[in-house]
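The values are calculated or read from the model by the stated rules, or taken from the named source; none is laboratory data. These numbers were taken from a predicted model, which means no experiment stands behind them. Note that we place each Cβ from the backbone using ideal geometry, even for glycine, and neighbour counts take in every protein chain shown.
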Amino acid sequence: MGSVNQTWYILFSPNHVKPHWVHQFLNKKFLHCYCFRTCTRSKPTAVYVADPRTSHISAEVLHRTNAYSLATLLSVLPNTTILKFTSPLDFENKLFTIWNMAPTCVTVVKMFLGITAKAQTPYQLYKHLLKLGATQI
């Protein structure tokens, strides 16, 4: 079936999450992550945002914007780190591995990005994406 290149923006932040007991074990600047990308090529563009929460995935489409503009706007939020990551989405990749078993924000983002990684925390995912060539906004 092949693959297609997709560019995602991944936001890492201590904001946008309710206090949870597991946060005591995480890097304080990397408590949560979510991803977004431009989902149309025509004008006006739209952005698909996938924000994994404790009980559900908040998914929405923002019309009349593009992912880079949204990333630039969000990058001014305090303690926010945003990565730009382009990779082929391999439709034949086996995404359901032992590293993608826990229903966390990290697992959901890895599956949207189409990557398999041992990363289990937002900070581990951040470091892994940098090794794969992601750039910070």
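Which residues, counting only those in region 109-125, are closer than 13 Å to residue 8 by Cα, in contact with a strand residue (DSSP E or B) (Cβ under 8 Å, 6 or more places away or on another chain) and part of a helix (DSSP H, G or I)?
109, 112, 113
Scan region 84-91 and tell me whether some residue there is out of contact with any Leu (no Cβ under 6 Å at 6 or more places or on another chain), farther than 21 Å from residue 132 by Cα and either loosely packed, with under 13 Cβ neighbours inside 10 Å or modelled with pLDDT of 70 or more (or both).
No - not one qualifying residue is present in region 84-91.
Pick from region 1-15 the residues that are surrounded by fewer than 16 Cβ atoms within 10 Å (Cβ to Cβ) and under 21 Å from residue 68 (Cα atoms): which of them is modelled with the highest pLDDT?
Within region 1-15, the first condition is being surrounded by fewer than 16 Cβ atoms within 10 Å (Cβ to Cβ), and the residues that meet it are 1-5, 7, 15.
Next, only the ones that are under 21 Å from residue 68 (Cα atoms) stay: 4-5, 7, 15.
On the way: 4: 73, 5: 82, 7: 91, 15: 69.
Selected residue: 7.
Considering only residues that are under 17 Å from residue 107 (Cβ atoms) and at pLDDT below 85, which ones fall in region 33-49?
Those that are under 17 Å from residue 107 (Cβ atoms) and at pLDDT below 85: none in region 33-49.
Show the residue pairs that are 6+ apart or on different chains and have beta-carbon atoms under 8 Å apart, the first residue being within region 109-122 and within 14 Å of residue 85 (Cβ to Cβ) and β-branched (Val, Ile, Thr), the second being in a loop (DSSP other than H, G, I, E, B) and modelled with pLDDT of 90 or more.
Note: pairs meeting the criteria are 115/132.
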